[in-house]
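What follows is one structure encoded as structure tokens, with my remarks underneath.
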Amino acid sequence: MTDADLRPVPEAPTRFSVLANLVPVSHLVVTAIAVFALADGTAARLGLALASIYIAPPLAVRAAFAVFGRPEGRLTQATPGYRVWWLAVQAQMIFLRLPALEEALRLVPMLYPAWIALWGGRLSPRAFVAPGVRIVDRPYVVVEAGAVLGLGATLTGHLAFREADGTYAVIVAAPRVERDALLGAETGLGPGAVVRRGAMQPFGRRLGPGMEWPR
């Protein structure tokens, strides 16, 4: 018997996990059909398209959290909250694939923080978000007043991994940037990571799940 024979077999994605990847393209297809079938005139079609793209996904996620609970902590494919969380990720996927959609909101003062609040996250209107900032899990992010998110900084509310027995799992928790903290360019915060009040996270520094800066 070899070492390879003793290694646990990695858990495969469930059918649900695979089929949920169809949510983003299905959303776009339904939006296109609705725009041409339900709206009459350019203004009406544009308004319906914007509502379907920007407003429907966060409202759907908030409704799912209200009914089934807000998933947090360690989740596996067998955990009830996993399905809710994975659908929430897929509802945000078009903004991860097409980041220009999100950058456009940042051009208008107050609009982007209001949109994050619609998802259930917290982004102070007095915080600064530089170009290229990636907020992966909008319902979980917390950014307080006076904070600065530097060029290309990434805040993610989840981290996927495989456990020793091969089980696929994710940790879900809100990254937090406290008041007047500054994230340098290309920095990263994982789930549950915290940059404390007034601190500066240096260029390229990444914090894993539950880590704090300063340490």
How much accessible surface does Leu96 have with a 1.4 Å probe, in Å² rounded to 10?
70 Å²
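For segment 81-209, build the convex hull from the C-alpha positions and give me its volume per residue in Å³.
Values: hull volume 12.7 nm³, N = 129.
That works out to 98 Å³ per residue.
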From a point 7 Å beyond the Cα of Leu151 in the direction of its Cβ, which residues of segment 171-187 have a backbone N at a distance under 14 Å?
184-187
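Which percent of the accessible heavy-atom area of segment 89-160 goes to carbon and sulfur, probe 1.4 angstrom?
Details: 2070 of 2890 Å².
The computed percentage sits at 72.
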FRET efficiency, Ala114 to Thr167 (Cβ-Cβ, R0 35 Å, nearest 0.05):
0.35
Gaussian network model of the chain, Cα springs within a sub-10 Å range: biggest mean-square fluctuation belongs to which of Arg45, Arg138, Arg197?
Arg45
At 1.4 Å probe size, with every protein chain present, just tell me what the per residue accessible area of segment 134-215 comes to in Å².
40 Å²
Along the charge dipole of the chain, Cβ charges K/R +1 and D/E -1, which of Phe161, Pro58, Ile116 sits furthest on the positive end?
Ile116
On a C-alpha basis, how far is the centre of segment 150-206 from the centre of segment 75-135 in Å? Whole number, if you could?
15 Å
Label point distance in nm, Ile53-Asn21, each placed 7 Å from Cα along Cα→Cβ:
2.4 nm
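Might you tell me the accessible area per residue for segment 2-68, computed with a 1.4 Å probe and given in Å²?
Accessible surface, normalised per residue, equals 69 Å².
Just how large is the dipole of the chain about the Cα centre, in debye to the nearest 20, putting +1 at every Lys and Arg Cβ and -1 at every Asp and Glu Cβ?
Numbers: 21 positive and 15 negative charges, 85 e Å.
Charge dipole, the chain, about its Cα centre: 420 debye, nearest 20.
Looking at the chain, do any whole DSSP H helices span at least 24 angstrom along their long axis by alpha carbon and average -1.0 or above on Kyte-Doolittle, and which?
On the way: long enough: 80-97 (27 Å, 0.43).
Qualifying helices: 80-97.
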At 7 Å along Cα-to-Cβ for each site, give me the label-to-label distance between Glu186 and Ala66 in nm.
4.3 nm
Connecting C-alpha atoms closer than 10 Å in a GNM of the chain, tell me which of Leu183, Leu19, Leu50 has the biggest fluctuation.
Leu19
For segment 22-69, report the translational diffusion coefficient in µm²/s to the nearest whole number, using Stokes-Einstein at 10 °C, 1.306 mPa s, and a Kirkwood Rh over Cα pairs.
138 µm²/s
Protein accessible area in segment 1-77, 1.4 Å probe - carbon and sulfur %
68 percent
For Trp213 the rounded accessible area (nearest 10 Å², probe 1.4 Å, non-protein molecules ignored) is 40 Å²
Between the modelled labels at Ser124 and Ala43 (7 Å from Cα along Cα→Cβ) the distance in nm is 3.9 nm
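The values are calculated or read from the model by the stated rules, or taken from the named source; none is laboratory data. Fair warning: this is a prediction, and the values are worked out from it, not measured in the lab. As a convention, Cβ positions derive from the backbone with ideal geometry for all residues, glycine included, and neighbour counts pool all protein chains shown. Calculation scope for accessible area: heavy atoms of the full protein, side chains included, ligands and nucleic acids excluded. Shrake-Rupley method; radii C 1.70, N 1.55, O 1.52, S 1.80 Å.
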